[in-house]
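Student: Handing you this structure, nothing more for now.
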């Protein structure tokens, strides 16, 4: 049986801002530029933020990011989440990009 507070969690998803994938990609690209070194990080951050902010399923995100599987999206998300937890500089950069995306 679910507790009362667990029943309300899906309602919180409705309060999260839904952002278009295009806006996320554009903001990440603007922030990181187009250097060769940043390309892999850019894709990882775009996947991370798209999964977090867009409300789109992992399988749909996989289709949008070149036909990769939903499992690969989840793995990439978890990898970036771990890097963010360990790297303060990356954490600040993600916070800055997220603020630009949701216009905080």
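The values are calculated or read from the model by the stated rules, or taken from the named source; none is laboratory data. Remember, it's a predicted structure, so these values are computed and weren't measured experimentally. Cβ coordinates were reconstructed from backbone atoms using ideal geometry, including for glycine residues, and neighbour counts include every protein chain displayed.
Student: Quick check on residue 93: is it modelled with pLDDT under 95, surrounded by 12 or more Cβ atoms within 10 Å (Cβ to Cβ), touching a helix residue (DSSP H, G or I) at 6+ places or on another chain (Cβ under 8 Å) and farther than 21 Å from residue 18 by Cα? Full working, then the answer.
Tutor: Values: modelled with pLDDT under 95: yes; surrounded by 12 or more Cβ atoms within 10 Å (Cβ to Cβ): yes; touching a helix residue (DSSP H, G or I) at 6+ places or on another chain (Cβ under 8 Å): yes; farther than 21 Å from residue 18 by Cα: no.
Spelling it out, it is not the case that residue 93 is modelled with pLDDT under 95, surrounded by 12 or more Cβ atoms within 10 Å (Cβ to Cβ), touching a helix residue (DSSP H, G or I) at 6+ places or on another chain (Cβ under 8 Å) and farther than 21 Å from residue 18 by Cα.
Student: Another question, then. What residue, of 67, 55, 44, 62, is farther than 16 Å from residue 93 by Cβ, out of contact with any strand residue (DSSP E or B) (no Cβ under 9 Å at 6 or more places or on another chain) and assigned to a helix (DSSP H, G or I)?
Tutor: Being farther than 16 Å from residue 93 by Cβ, out of contact with any strand residue (DSSP E or B) (no Cβ under 9 Å at 6 or more places or on another chain) and assigned to a helix (DSSP H, G or I) holds for just one of 67, 55, 44, 62, which is 62.
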